[in-house]
Structure formats: C-alpha cells, structure tokens
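Quick notes on the structure that follows.
No lab work stands behind these numbers, since they all come straight from the coordinates. All values derive from a computational prediction rather than experimental measurement. Note that we place each Cβ from the backbone using ideal geometry, even for glycine, and neighbour counts take in every protein chain shown.
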Amino acid sequence: MRFFISLLFLLATLLGGCQSQEEAPVAAPASEGGIGHVRGQIVMPLEGTTLYVYKKGMDLYGPAFAHSEATGVDGSFDLALPEGEYIVVARKRENGDTAGPVVAGDNKSDFINLTVKGENEALTIIAPVKSGDVRRLTKDVAATGTGLSGSILDSDGAPVEGARVHVYDHVQMSERPKFVSEKTGPDGRYLIYLPEGGTYYLAARDKFGGPPKLGDLYGRYDQGTIEPSAVVIRQDEILQGVDITVNKVW
C-alpha cells in the first residue's frame with residue numbers, strides 16, 4: 001500500500017510539472033529596432049505643408065518612404081518612424097497635389113539629414129517659396145504664343161493617357177527638365193507653352209523624378225537617330241505635330 005501511495009504521489013508531481021510548463025508565459029521575441037518619434041513645426045508657410053521622409057539611397061524625387069499629414073494652421077507635424085537614418089524635405093504645392101514637380105511659386109525646404117532614435121528634439125523646418133528654374137506646368141504659364149504640341153503614343157500608335165512631356169535645353173538630358181507639361185488626357189494630346197524660342201530636347205514619361213524604372217513608360221523624341229533629335233522653336237510659334245512614342249522600360 002505504501003508503494004502504491006508513493007507511486008500516485010510521483011505521478012501527481014510529474015503531471016503538475018507539465019501543467020506548470022504549459023501555463024508559463026512565453027517571452028515575446030525581442031524587436032529588431034525601436035520606433036522613434038519626430039515632431040516639430042514647418043514655417044514659410046505654416047499651413048498645408050507635408051513632410052516627406054526618404055531612406056538613405058532612395059530617389060529623393062520619387063515616392064517617399066513615409067510622409068506626415070498636411071500641417072494645420074500652426075504648422076506642426078508629428079510622425080512615428082522606425083529608428084534609423086533618413087532624409088526629409090518639406091513641400092507644399094500651390095495646386096494642392098501631393099506628388100509631381102515642385103515649380104516656381106511652390107514651397108520647398110532643403111533636404112535635411114535626420115537620425116531617428118527615441119523621442120527626437122523638435123525640428124523647425126523652413127520651406128521658402130521656390131523661384132527660378134521655372135519648370136511650370138502648362139496651366140501655370142501665360143499663353144506666350146511660343147511652345148509646342150503633339151501626341152504621346154504607345155508602340156502601336158495608340159494615345160497614352162496620364163503622361164507628361166519633359167523639355168530639356170541640353171542634348172544629354174541628364175539634369176532635371178526645365179519645363180514639364182500637364183498630364184495627357186485620353187486622346188494623348190499635349191500643349192506646352194515656353195517663355196522663349198530656342199533649341200530643346202524632349203522626353204515623355206508617365207512618372208516624374210529620378211531615372212525611369214522597370215515598368216515605367218518612357219520615350220525620347222528622335223527621328224531615327226541614336227541621340228535625341230533637337231526641336232527648334234521660333235519665338236511666337238506653336239510648333240505642331242511633335243509626337244513622341246513611349247515604351248515600357250524592361
């Protein structure tokens with residue numbers, strides 16, 4: 001009998017140990033990185049400005065990694081971000097768009113290097129009005145009587161909607177364009193006014209900022225040559241029929 005009682009006690013002890021193991025809390029895995037906090041104020045202007053956040057190495061003119069809500073009347077912003085290294089810029093476009101070129105009359109800050117770790121000190125960011133380097137959209141430029149028009153087409157000759165013409169003043173077309181048209185409608189037509197006549201080089205694409213990426217639509221105006229073909233526009237002339245074919249980048 002004594003042996004039987006000892007055996008029952010041993011079994012109860014073992015079962016109790018198993019139950020304790022099952023009920024014990026499991027430690028949560030350690031986080032690979034914390035969440036930091038960025039806050040501050042954007043001045044010049046205060047209201048309606050967005051803070052765009054880019055990771056190091058990203059295209060600073062393309063889609064951002066994160067962005068704040070548009071600032072209120074006091075210009076304040078408050079943004080939670082994973083801890084790390086970033087580049088931030090404040091932009092406010094007169095037309096209310098959240099993407100696209102920043103043109104003369106819009107507001108834009110300098111690019112600012114930012115290390116996010118814990119609760120950052122409050123930032124004050126100045127976003128002055130942009131002047132010079134006028135890359136105006138068609139609707140924002142006075143009808144000077146000088147410019148060009150045509151269609152943006154795909155490889156089958158069908159009109160392309162939602163593309164823009166980018167106008168450069170050098171054949172390398174390596175810098176940012178001097179002028180950018182509005183987006184084409186369903187008919188693929190564009191019209192862009194220029195402040196003066198001259199020699200220009202043209203490209204058409206459906207995205208703005210940085211080099212074309214895989215899947216983007218892109219094409220240069222050329223007449224079967226390796227280099228882009230120059231377009232010579234005389235003062236007070238709207239050059240007609242300047243069509244550009246775009247293809248998907250692969």
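With +1 on each Lys and Arg Cβ and -1 on each Asp and Glu Cβ, and nothing else charged, work out how big the dipole of segment 138-248 is about its Cα centre, in Debye to the nearest 20.
300
Set Lys and Arg Cβ to +1 and Asp and Glu Cβ to -1, take the dipole of segment 138-248 about its Cα centre, and tell me which of V231, Y190, Y218 lies farthest positive.
Of the listed residues, the answer is Y218.
DSSP loop (so not H, G, I, E, B), at most 16 other Cβ within 10 Å: list which trypsin sites (Lys or Arg not before Pro) in segment 51-98 pass both filters.
K56
How much length would be gained if the chain were fully extended between A70 and R189, taking 0.36 nm per residue of separation minus their Cα-Cα distance, in nm to one decimal?
39.6 nm
Within segment 138-248, what percent of beta bridges assigned by DSSP are antiparallel, to the nearest 5?
Rounded to the nearest five, the antiparallel share is 85 percent.
Enumerate the amide H contacts of I238 below 5 Å, restricted to partners 5 or more residues apart or on another chain; note that Pro and chain-start residues carry no placed amide H.
G147
Would you be so kind as to identify which of L60, L81, I112 lies farthest towards the positive end of the dipole of segment 51-113, taking Lys and Arg as +1 and Asp and Glu as -1 on Cβ and the Cα centre as origin?
Among L60, L81, I112, the one farthest towards the positive end of the dipole of segment 51-113 is L60.
Tally the DSSP beta bridges in segment 35-126 and give the antiparallel ones as a percent, rounded to 5.
That works out to approximately 80 percent antiparallel.
How large is the dipole of segment 35-126 about the Cα centre if only Lys and Arg carry +1 and Asp and Glu carry -1, each at its Cβ, rounded to the nearest 20 debye?
200
Report, in listed order, any pair from K92/K178; K183/K213; K56/K207; K92/K117; K130/K178 with a Cα-Cα distance greater than 23 Å.
Those over the limit are K92/K117.
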